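Chemist: Structure below; questions to follow.
The values are calculated or read from the model by the stated rules, or taken from the named source; none is laboratory data. Everything quoted here is computed from the prediction, not taken from an experiment. FYI the Cβ positions are ideal-geometry reconstructions off the backbone, even for glycines, and counts take in every protein chain you see.
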Amino acid sequence: MNAAPELQLIGAAIIVGIVQLFWATGAARAQQNLKWAAGPRDEDMPLVGVAARLDRAFKNFMETFPFFVAAVFAAYLVAKTGPLTLWGAVLYVVARALYVPLYAGAVTGVRTLVWFVSLIGILMIVAAIFLA
């Protein structure tokens, strides 16, 4: 039995998140030495530039991902999956994958539009739950 494509897209979003985590962590370690990272981190060592943007992009992913997962599971559990949920999930995953390099590259405007597209994807999934 194959999993619903929306559930598979949760897996794809997890991969996007893990890639972001590694990218942000690698950039942070280039600024914050390993001794500091392995220690108790009692003193802040703020990030700047690309590392700071990657960190913020990852935090933004972590803010939206739970909504995406909850929406997909809710639609799946009430048997409301279909073209609207599939396209919503695709929009979310693709937009989240595009968001990171745009944020890292300090591309304004387009980055915000891409974030909005990811939100529209979640809203499409939620809308499907309430449609007949």
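Chemist: Could you look through the stretch 38-70, keep only residues that are assigned to a loop (DSSP other than H, G, I, E, B) and either farther than 21 Å from Ala106 by Cβ or in contact with a Cys (Cβ under 8 Å, 6 or more places away or on another chain) (or both), and pick out the one that is modelled with the lowest pLDDT? Walk me through how you get there before you give the answer.
Modeler: The initial filter retains those residues of the stretch 38-70 that are assigned to a loop (DSSP other than H, G, I, E, B), namely 39-48.
So of that shortlist, the ones also either farther than 21 Å from Ala106 by Cβ or in contact with a Cys (Cβ under 8 Å, 6 or more places away or on another chain) (or both) come out as 39-45.
Values: Gly39: 81, Pro40: 82, Arg41: 78, Asp42: 82, Glu43: 83, Asp44: 84, Met45: 83.
Within the stretch 38-70, the match that is modelled with the lowest pLDDT is Arg41.
Chemist: For the stretch 99-114, name all the residues that are surrounded by fewer than 18 Cβ atoms within 10 Å (Cβ to Cβ) and on the phi < 0 side of the Ramachandran plot.
Modeler: The first filter runs over the stretch 99-114 and keeps only residues surrounded by fewer than 18 Cβ atoms within 10 Å (Cβ to Cβ), leaving 101, 105-110, 112-113.
Scanning the stretch 99-114 gives Pro101, Gly105, Val107, Thr108, Val110, Thr112, Leu113.
Chemist: Let me ask something else. Just name the residue that is farthest from Ala51 (Cα to Cα) out of those in the stretch 92-124 that are part of a helix (DSSP H, G or I) and over 16 Å from the mean Cα position of the chain (by Cα). I'd like the intermediate steps shown before the answer.
Modeler: The initial filter retains those residues of the stretch 92-124 that are part of a helix (DSSP H, G or I), namely 92-104, 110-124.
Now narrow it down to the ones that are over 16 Å from the mean Cα position of the chain (by Cα): 110, 124.
Details: Val110: 20, Met124: 32 Å.
Per the criteria, the residue is Met124.
Chemist: Let me ask you something else. For the structure I just gave you, tell me whether Tyr103 is hydroxyl-bearing (Ser, Thr, Tyr), more than 25 Å from Arg29 (Cα to Cα) and at pLDDT 95 or above. Walk me through it before giving the result.
Modeler: Numbers: hydroxyl-bearing (Ser, Thr, Tyr): yes; more than 25 Å from Arg29 (Cα to Cα): no; at pLDDT 95 or above: yes.
In short, no.
Chemist: Taking the condition of being surrounded by fewer than 18 Cβ atoms within 10 Å (Cβ to Cβ) and among the polar types (S, T, N, Q), how many residues in the stretch 72-93 meet it?
Modeler: The number of residues fulfilling the criteria is 0.
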